[in-house]
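The next block holds one structure in the form of structure tokens; read it before the comments.
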Amino acid sequence: QVQPVESGGGLVLPGGSLKLSCLASGSIFSINVMGWYRQALGKQRELVASITRGGSPNYADSVKGRFTISRDNAKNTVYLQMTSLKPEDTAVYYCNKIPPANAYWGQGTQITVSS
């Protein structure tokens, strides 16, 4: 299977916004709940948001009210709109299905929140 391609990361000031995109393979995307995960340096990877095929989202408490997950089923793409970013949001962000498939982790996209 083809790994997902995450994009949209970068360096942003505290309080800023970014929108991430993940182009997923059709075989994974079409049948699964999709999620955005992140891994900060020296920490375990954690799930930050998920979305069902029908569009129902769920969020980790740490990002609730600041992040919005969405998906375009026609484009096999899942998005993560991030606002009010904090330094503790600094991490590599990945997309994968729920539960994650070890063989499906992509390169991720780095988010750095710093002044």
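The values are calculated or read from the model by the stated rules, or taken from the named source; none is laboratory data. All values derive from a computational prediction rather than experimental measurement. What goes into the accessible areas is simple: the full protein's heavy atoms, side chains included, and nothing from ligands, DNA or RNA. Shrake-Rupley method; radii C 1.70, N 1.55, O 1.52, S 1.80 Å.
For this structure, a couple of remarks:
- Listed pairs K19/K43; K19/K64; K43/K64; K75/K97 exceeding 18 Å between Cα atoms: K19/K43; K43/K64
- For the chain, the mean residue ellipticity at 222 nm estimated from helices alone is -500 deg cm²/dmol, where every DSSP H run of n ≥ 4 contributes -39500 (n - 2.57) and the total is divided by all residues, rounded to the nearest 500.
- Estimated at the nearest 10 Å², the accessible area of K43 is 140 Å² with a 1.4 Å probe.
- Area of D61 that stays accessible when all protein chains are in place (1.4 Å probe, Å², to 10): 130 Å²
- The range 49-102 - Rg over Rh from alpha carbon coordinates, Kirkwood radius: 0.96
- Percent antiparallel among DSSP beta bridges (both partners in the chain, rounded to 5): 90 percent
- One compactness figure for the range 5-44 is 1.48, namely its Cα radius of gyration divided by 2.2 N^0.38 Å.
- For the chain, alpha-carbon Rg and Dmax in angstrom: 13.0, 40
- Hz values of 3J(HN,Hα) by residue in the range 83-95 - Karplus curve (6.51, -1.76, 1.60), Gly and Pro given as x: 10, 6, 5, 10, x, 6, 7, 4, 4, 8, 9, 10, 10
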